[in-house]
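Read through the structure below, which is laid out as structure tokens, and then see the notes.
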Amino acid sequence: MTAAALPLVIQGGMGVAVSNWTLARAVSRAGQLGVVSGTAIDDVFVRRLQDGDVCGSIRRALEHFPLPDVAAEILKRFHRPAGMPEGEPYKALPMYRQAVSALREQITMASNFVEVWLAKEGHDGIVGINLLTKVQMPNLASLYGAMLAGVDYVLMGAGIPREIPGALDAMAEGRAASLKLDVEGALPGETHLITFDPAKHLAAPPQLKRPMFLAIVSANSLAMTLARKANGKVDGFVVEGWTAGGHNAPPRGEMKLNEYGEPIYGERDSVDLAKLAELGLPFWIAGGVSSPGGLAAARAAGAQGIQVGTLFAFSDDSGILPHLKAEVLAGVNAGKAVVFTDAIASPTGYPFKLVRLEGLVQQDDTRIRNCDLGYLRSAYRREDGRLDYRCSAEPIDTFVKKGGTVEGTAGKRCLCNGLLATIGLGQRRDDDVVEPPLMTSGDELQTMQGFLAGRASYRATDVLDYLLSESCPTELPAAVTYEAPVAS
């Protein structure tokens, strides 16, 4: 693909289903790269079906899924035309393991197929999918499902996606693909693999388009490693700074915290864009550049364009519940919304950004711990040599019995359940308690007043109109600084 055909704006792939198919479709139809999030999309998929699939979109997309018997079985198991009875919990999917049943893989394939197919429906724009490298076990089935729907780009960060390009090559040709599974406590020389074989599901796997692969990086060294040592072609990079939302790369070197308890980033954590350009691959800048001046500055620095998340996350087209968007945007207009980079909240070990706004009801330490989704579980080797799985946000006694420590559970949040609740798919618990939401955002939330200009709502196309308006180049911004955060 020529540079002229590459997008200027990539809409960030924000999970869980904040970057849903409606948002990605709106951006793609407007001529830029719309991106769906594949993180936990299989649970999103079956919960949408249990809520009735009122508009019929999922069923319409499933009519095109190349495994009609599987589509029929999924609808039989999960579709409830009248929706969920009040107070009844969602039917759960089995948590992912190193190896799962054929049906479990097929549900993952179907969910990613549906999300991409709907994002691409009715236009010829480009659509991408974002997955987290750290969420290893569903990724191959997720990618294959997206490829069956003709996904144009794959974007992956939160780890080192060195094996993904080769996996895309293999699956495009209908061959089996494998990824190394990270296993805590694995013995020297011991290798554990996650393998996905299209022939397990399709008698004659078709030749598929191999999507462009963009690695999300935060350091020159990682970009150079991926460009030179990945097992297939890396087509470009998204350079994501520590002001971006969701998970951030930890600071290089020893973790030090500021007076508010946030990680301190410095010069070692900045990317040398001139050196990155020497690789000869296109790159986009993410974090702190969501303005016409930011786009112009990125272009002047050699970037193809920018990736934008926060502005799109709070648009009418995203998956966040409308009342949560309204509360946060009111807080932004009042100058009271704060983004806090929590060094310990995520079970992944990466810093994770949380929105703090007085009166905003969110998950906190009073939540009764429950790990029933398991996307952030880590595999570990038991003394008997078998693999098991644990998460530092699961019940403390359970985590300790699996070899974890009490100290390792301190301050952990259940991102899986919290982010599902943010899009209106929170699980119903005993005593009619529904999982509380968990709001993440980039630091730019705190500087959105100029874009909002007092508005209480806006569309994704408004964001694009703003970003693509004419502006003189400015300097690329430094990390956002702000006053002490309010209590959550």
Flagged pairs (Cβ under 6 angstrom, 6 or more apart or on separate chains; first in the stretch 354-369, closer than 18 Å to G245 by Cα; second polar (S, T, N, Q) and at pLDDT 95 or above) are V355/S441
Is the stretch 188-197 home to any residue that is small (G, A, S), crowded, with 23+ Cβ neighbours inside 10 Å and over 23 Å from A249 (Cβ atoms)? no
Taking the options I320, I306, name whichever one is within 20 Å of E444 (Cβ to Cβ), β-branched (V, I, T) and assigned to a strand (DSSP E or B). I306
The number of residues in the stretch 344-398 that are over 26 Å from N139 (Cβ atoms) and of a type in the set (G, A, S) is 1
Reported set for the stretch 220-272 where residues are in contact with a helix residue (DSSP H, G or I) (Cβ under 9 Å, 6 or more places away or on another chain), farther than 25 Å from D169 by Cβ and among the aliphatic types (A, V, I, L, M) is A244, A249, V271
So which of L438, L425 ends up being closer than 18 Å to E88 by Cα and of a type in the set (A, V, I, L, M, F, W, C)? L425
Condition test on Q98, is it within 20 Å of S37 (Cα to Cα), surrounded by 14 or more Cβ atoms within 10 Å (Cβ to Cβ) and among the polar types (S, T, N, Q)? no
Could you please let me know if G294 is over 17 Å from N130 (Cα atoms), surrounded by fewer than 18 Cβ atoms within 10 Å (Cβ to Cβ), small (G, A, S) and at pLDDT 90 or above? no
Which residues, taken from the stretch 420-435, are in contact with a Ser or Thr (Cβ under 9 Å, 6 or more places away or on another chain) and part of a loop (DSSP other than H, G, I, E, B)? I423
Sole residue being surrounded by fewer than 24 Cβ atoms within 10 Å (Cβ to Cβ), modelled with pLDDT of 95 or more, touching a helix residue (DSSP H, G or I) at 6+ places or on another chain (Cβ under 7 Å) and not β-branched (V, I, T), chosen from G87, G174: G174
Checking A219 against (1) within 30 Å of T447 (Cβ to Cβ); (2) buried (at least 23 other Cβ atoms within 10 Å of the Cβ): exactly one of these is not met. Which one? (2)
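Rundown of residues vs (1) of a type in the set (S, T, N, Q); (2) touching a residue at least 60 places away in the same chain (Cβ under 8 Å), yes/no style:
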position	(1), (2)
R29	no, yes
G56	no, no
A71	no, no
G83	no, no
G87	no, yes
R104	no, no
I107	no, yes
S111	yes, yes
From the list V35, V9, which one is over 20 Å from L376 (Cα atoms), under 13 Å from the mean Cα position of the chain (by Cα) and not small (G, A, S)? V35
With the condition being touching a strand residue (DSSP E or B) at 6+ places or on another chain (Cβ under 8 Å), at pLDDT 95 or above and among the hydrophobic types (A, V, I, L, M, F, W, C), I'd like the helices (runs of 4 or more DSSP H) fully within the stretch 20-79 carrying at least 2 qualifying residues. 21-29
So, first residue farther than 16 Å from L131 by Cβ in the stretch 228-249, second residue polar (S, T, N, Q) and part of a helix (DSSP H, G or I), Cβ within less than 8 Å, six or more apart or across chains; the pairs are G245/T310
Filter the stretch 404-417 down to the residues that are of a type in the set (G, A, S), surrounded by 13 or more Cβ atoms within 10 Å (Cβ to Cβ) and farther than 20 Å from M95 by Cα and list them by number. G408, G411
In this structure, does Y265 turn out to be more than 25 Å from the chain's Cα centre (by Cα) and touching a residue at least 60 places away in the same chain (Cβ under 8 Å)? no
Can you tell me which of V239, V271, V234 is touching a Leu at 6+ places or on another chain (Cβ under 9 Å) and part of a loop (DSSP other than H, G, I, E, B)? V234
Sole exception among (1) farther than 14 Å from I41 by Cβ; (2) buried (at least 24 other Cβ atoms within 10 Å of the Cβ) for W117, by number: (1)
Quick check, is M255 loosely packed, with under 13 Cβ neighbours inside 10 Å, within 25 Å of the chain's Cα centre (by Cα) and of a type outside the set (F, W, Y)? yes
List the strands (runs of 3 or more DSSP E) that sit entirely inside the stretch 332-387 and contain at least 2 residues that are out of contact with any Leu (no Cβ under 8 Å at 6 or more places or on another chain) and at pLDDT 95 or above. 352-356
Return a yes/no flag: does the stretch 180-199 have any residue that is within 25 Å of G12 (Cα to Cα) and not β-branched (V, I, T). no
Can you tell me which of (1) at pLDDT 95 or above; (2) surrounded by 15 or more Cβ atoms within 10 Å (Cβ to Cβ); (3) within 30 Å of R390 (Cβ to Cβ) is the one G159 doesn't meet? (1)
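The values are calculated or read from the model by the stated rules, or taken from the named source; none is laboratory data. Note that the structure is predicted; figures quoted are calculated from it, not measured. Neighbour counts run over all protein chains shown; Cβ positions are idealised from the backbone, glycine included.
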